[in-house]
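Computed from the coordinates by the stated procedures, all read-outs in this text should not be read as laboratory data. A quick note: this is a predicted structure, and the numbers were derived from the prediction, not measured. Heads up, the Cβs are rebuilt from the backbone with ideal geometry, glycines too, and the neighbour counts pull from every protein chain shown.
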Amino acid sequence: MNVATIVGNLTKDVEYSVDGPRSNFTVAVNRVWVKDGEKQEETDFIPVVVFGKSAENCMKFLRKGSKVGIEGRISVRNYEKDGQKRTYTSIVARYVEFLTPKGDQQSGARPMGEDESPFVDGTPQDARMPGDEEVPF
């Protein structure tokens, strides 16, 4: 099973390409642990790729500093550059949840209007399937 879930903040504005369509961005994710009784902290910078309608929504609504939750799969690609073998690892997003509060301008995120939200009941509109109405149990 290949599933990855991260929560963090965009390090810069979304790069958008109509090929696909596709959005690329990097999410800064903090890691905290204790070593020898002292709190240690590091930040990982994780590349994320989003396709389709979700890519369009990311381009419209996310800005540098926006907080996001990402669920997807890890993609590892091998390539050669200047005779050296290299590896590129990223997350291909299945779901992107916008976590920056509506109207929060500190992060640079643009506020969403009621009719602009890319989510319905916390689910991306393009990820909802017919019959996904509320289940009565």
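In this simple spin-label approximation, M1 and E97 carry label points 7 Å from Cα along the Cα→Cβ vector, and these lie 1.7 nm apart.
Potential lengthening of the chain between R86 and R73 amounts to 2.7 nm, from the contour at 0.36 nm per residue minus the alpha-carbon distance. Close amide H contacts of D13 (hydrogens built in the peptide plane, cut-off under 5 Å, sequence separation of 5 or more or a different chain): K64. Across the stretch 75-89, the residues whose backbone nitrogen lies under 14 Å from the label position 7 Å along the beta-carbon direction of F51 are 75-76.
The phi-based Karplus calculation (6.51 cos²θ - 1.76 cosθ + 1.60; θ = phi - 60°) puts the 3J(HN,Hα) values of the stretch 4-20 at 10, 10, 9, 9, x, 10, 5, 8, 7, 4, 5, 9, 10, 10, 6, 5, x Hz, whole numbers, x for Gly and Pro. The H on the amide N of L99, modeled in the peptide plane, is under 5 Å from the matching H of K67, V68, G69, each at least 5 residues off or on a different chain. Remark: the stretch 56-61, residue by residue, has Karplus-estimated 3J(HN,Hα) of 4, 5, 4, 4, 6, 10 Hz, where x stands for each Gly or Pro and the curve is 6.51 cos²θ - 1.76 cosθ + 1.60 at θ = phi - 60°. Annotation: amide H of R94 within the under-5 Å range of E71, G72, R73, sequence separation 5 or more or interchain, hydrogens built in the peptide plane. Spin-label model, T43/K60: points 7 Å from Cα along the beta carbon direction are separated by 2.9 nm. Listed by chain and number, the lysines whose alpha-carbon sits under 29 Å from that of K60, ignoring those within fewer than 8 places in the same chain, are K12, K102.
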